[in-house]
Amino acid sequence: MIPGTDGEMRLSRRDDEFSIHLSTQTSELMNSRMHASEDALADLACAAIAGRSRPHVLVGGLGMGFTLAAALRGVGPGGTVTVAELVPEVVEWNRGPLGECAGRPLDDPRTRVHVGDVAELLRGGHSTYDAVLLDVDNGPEGFTHHGNNWLYSPAGLSAARLALKPGGILAVWSASGDSRFTSRLNRAGFRVDVRTARARPGKGAHHTIWLAHAPGPGGSRSGAGGGRKRSTRP
């Protein structure tokens with residue numbers, strides 16, 4: 001069950017392919033063959049903080065573990081990745097056979113697991129994270145859990161900015177673009193770069209990734225202007 005809702009996530013397997021469905025929807029929520037845009041979410045965010053000593057990355061949403069695995073590759077041997085997952089069963093699936101898909105990132109000693117809402121960590125954080133990656137729900141509009149909407153609200157974005165270290169980055173995955181959310185990020189004080197990535201290498205749906213750069217030391221917003229949109233992968 002998804003906490004706070006009547007919905008239920010269901011895991012199914014066919015040969016080496018896994019999928020997760022939501023009981024209230026007929027469409028597939030996640031598939032282990034389509035994770036290129038989740039990889040891109042972590043790759044782009046970690047590239048933006050490259051060179052930082054012992055970076056700490058927060059990932060909101062474990063899913064099938066691909067974002068977490070990519071973040072671990074990006075932070076290097078001295079980094080730490082905290083992953084927050086609202087649904088306890090998803091963590092258990094990743095500790096079981098599903099974990100093979102992404103190379104069992106939960107077993108990595110650099111991984112910290114928070115079973116609960118990522119909002120709890122954002123509210124409690126103050127200059128804690130070098131990067132925050134939100135791979136939660138379908139994007140700025142809550143799909144599996146309406147409580148996720150807070151994360152994308154002005155209050156949630158303010159909390160994310162406070163939880164970031166100076167010059168840190170908030171990276172947000174979405175199934176589709178949303179110009180209103182881009183504007184909301186700008187109003188929250190971020191410098192925004194919008195990218196697109198394919199669901200599978202070279203094919204599949206185009207997903208959106210927002211790279212929202214927090215002000216640097218002294219509140220500077222140096223760098224390229226906000227609101228640009230470009231593709232990161234073919």
Sparse-neighbour loop sites [chymotrypsin sites (Phe, Trp or Tyr not before Pro); segment 5-95; at most 16 other C-beta within 10 Å; DSSP] = none
Candidates GLY51, GLY167, GLY74; GNM for the chain (alpha-carbon contacts under 10 Å) flags as most fluctuating GLY51
Along the charge dipole of the chain, which of MET34, GLY96, GLY74 sits closest to the positive end, that is, farthest toward it, with unit charges on the beta carbon of Lys, Arg, Asp and Glu (+1, +1, -1, -1)?
-> GLY74
Compute the FRET efficiency between SER127 and LYS203 as 1/(1 + (r/R0)^6), taking r as their Cβ-Cβ distance and R0 = 45 Å, and round to the nearest 0.05.
-> 0.65
The chain: relative contact order in percent, alpha carbon pairs under 8 Å with at least 6 residues between = 17
Relative contact order for segment 63-148 using alpha-carbon pairs under 8 Å, separation at least 6, rounded to a whole percent?
-> 29
R0 = 35 Å: FRET efficiency of ARG73 with SER153, Cβ-based, nearest 0.05?
-> 0.65
Rounded, prolate or oblate (a/c below 1.5 giving rounded, otherwise prolate when a/b exceeds b/c) for segment 67-198 by Cα gyration tensor = prolate
When the helix-only estimate is applied to the chain (DSSP H runs of n ≥ 4, each -39,500 (n - 2.57), divided by the residue count), what is the mean residue ellipticity at 222 nm, nearest 500 deg cm²/dmol?
-> -7000 deg cm²/dmol
Going by accessible area, probe 1.4 Å, with all protein chains left in place, what is the ranking of CYS46, CYS101, largest first?
-> CYS101, CYS46
Of the DSSP H helices in the chain, the ones reaching 15 Å or more along their long axis in Cα terms and averaging at least 0.0 in Kyte-Doolittle hydropathy are 36-48
Pull out a ≥ b ≥ c, the square roots of the eigenvalues of the alpha-carbon gyration tensor of segment 51-141, then state rounded if a/c is under 1.5, prolate if not and a/b is larger than b/c, and oblate in the remaining case.
-> oblate
Provide the FRET efficiency to the nearest 0.05 for the ASN31-ARG104 pair, computing r from the beta carbons and using R0 = 30 Å.
-> 0.95
How big is the shadow of the Cα convex hull of the chain, averaged over all directions, in nm²?
-> 11.8
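The values are calculated or read from the model by the stated rules, or taken from the named source; none is laboratory data. Being a predicted model, the structure only gives us computed values, none of them experimental. Note that we place each Cβ from the backbone using ideal geometry, even for glycine, and neighbour counts take in every protein chain shown. What goes into the accessible areas is simple: the full protein's heavy atoms, side chains included, and nothing from ligands, DNA or RNA. Shrake-Rupley method; radii C 1.70, N 1.55, O 1.52, S 1.80 Å.
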